[in-house]
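Quick notes on the structure that follows.
The values are calculated or read from the model by the stated rules, or taken from the named source; none is laboratory data. Quick caveat: nothing in here was measured; it's all calculated off a predicted structure. Please note: Cβ atoms are built from the backbone with ideal geometry, for glycine as well, and neighbour counts cover all protein chains shown. Surface areas here come from the heavy atoms of the whole protein model, side chains and all, with no ligands, DNA or RNA. Shrake-Rupley method; radii C 1.70, N 1.55, O 1.52, S 1.80 Å.
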Amino acid sequence: MQIENNSVVSFHYVLREQGGENIESNQDSVPMAYLHGHGNILAGLEDAMVGLTVGDSKSVVLSPEQAYGPRREGAVQKVPVKHLAGKYKRLLPGMVVKVNTEKGAINARIIKPGKFMVELDMNHPFAGKTLEFDIEIKAIRAASEEEIAHGHAHGDGGHHH
Ligand SMILES: [Zn+2]
């Protein structure tokens, strides 16, 4: 069976910045399951999956445009400390905090903490980075009608309701 639209694909991955250290991996845990063709994963990664079969390994390189976009200078902002979501004992440069925005709480990295205002970098941590995924396909099955209707995979490594 090959990966095509409405396949449920389980895979292991290692993620690194191109030429850099590993950032993230799920090799020691349950493979991640996604529903192919529904935009559940980064588009460039999804495209690279097409036609793979169980046991296949592949290295996929994604430019910032194919991944999390370029870094935006406008995403660096001074925000009142009271807009931070959650209580923090001490704010330190480099710390990742949650901040309330119109779109809900997002992660941001502290550039410069202050007593009342804090300068935050709200860029995605991978913004501006060329990413490399080493993927290994562990399982492929046809999606159920319910999964297709929901637009995501159910069960191990997928969505639980
Ligand atoms: Zn569902």
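Which one of the conditions (1) closer than 27 Å to LEU15 by Cα; (2) touching a Gly at 6+ places or on another chain (Cβ under 9 Å); (3) of a type outside the set (Gly, Ala, Ser) does VAL96 fail to meet, given that it meets all the rest?
(2)
Out of (1) open to solvent by less than 30 Å² (accessible area, probe 1.4 Å); (2) under 18 Å from the mean Cα position of the chain (by Cα); (3) within 30 Å of GLN18 (Cβ to Cβ), what's the single condition that is false for PRO70?
Tallying (1) open to solvent by less than 30 Å² (accessible area, probe 1.4 Å); (2) under 18 Å from the mean Cα position of the chain (by Cα); (3) within 30 Å of GLN18 (Cβ to Cβ), PRO70 fails exactly one: (1).
Go through the stretch 2-18 and report how many residues are part of a loop (DSSP other than H, G, I, E, B) and either free of Cβ contacts under 8 Å to residues at least 60 places away in the same chain or within 15 Å of ALA153 (Cβ to Cβ) (or both). Talk me through it step by step, then tell me what you get.
Of the residues in the stretch 2-18, the ones part of a loop (DSSP other than H, G, I, E, B) are 2-6, 18.
Okay, now just the ones that are also either free of Cβ contacts under 8 Å to residues at least 60 places away in the same chain or within 15 Å of ALA153 (Cβ to Cβ) (or both), so 3-6.
The qualifying residues number 4.
Can you find a residue in the stretch 62-73 that is within 30 Å of ILE137 (Cβ to Cβ), assigned to a strand (DSSP E or B) and either among the aromatic types (Phe, Trp, Tyr) or in the same structural domain as ALA139 (by TED's automatic domain parsing) (or both)?
yes
Among the residues of the stretch 120-133, are any over 25 Å from ASN22 (Cα atoms), in contact (Cβ under 8 Å) with a residue 60 or more places away in the chain and open to solvent by 30 Å² or more (accessible area, probe 1.4 Å)?
no
Mind checking which residues of the stretch 137-157 are assigned to a helix (DSSP H, G or I) and within 11 Å of the ligand (Cβ to nearest atom)?
Step one: of the stretch 137-157, the residues assigned to a helix (DSSP H, G or I) are 145-150.
Once the filter is applied, which keeps residues that are assigned to a helix (DSSP H, G or I) and within 11 Å of the ligand (Cβ to nearest atom), the stretch 137-157 yields GLU146, GLU147, ILE148, ALA149, HIS150.
If I ask for residues that are within 16 Å of the chain's Cα centre (by Cα) and open to solvent by less than 80 Å² (accessible area, probe 1.4 Å), which ones from the stretch 11-23 would you list?
Within the stretch 11-23, PHE11, HIS12, TYR13, VAL14, LEU15, ARG16, GLU17, ILE23 qualify.
Please pick out the residue among VAL81, VAL8, VAL76, VAL50 that is touching a Ser or Thr at 6+ places or on another chain (Cβ under 9 Å) and either at pLDDT below 95 or on the phi < 0 side of the Ramachandran plot (or both).
Working: VAL81 fails: touching a Ser or Thr at 6+ places or on another chain (Cβ under 9 Å); VAL76 fails: touching a Ser or Thr at 6+ places or on another chain (Cβ under 9 Å); VAL50 fails: touching a Ser or Thr at 6+ places or on another chain (Cβ under 9 Å).
Of the residues listed, the single one that is touching a Ser or Thr at 6+ places or on another chain (Cβ under 9 Å) and either at pLDDT below 95 or on the phi < 0 side of the Ramachandran plot (or both) is VAL8.
With the checklist (1) under 17 Å from ALA153 (Cα atoms); (2) at pLDDT below 95 in hand, flag the one item GLY44 doesn't pass.
Unmet condition: (1).
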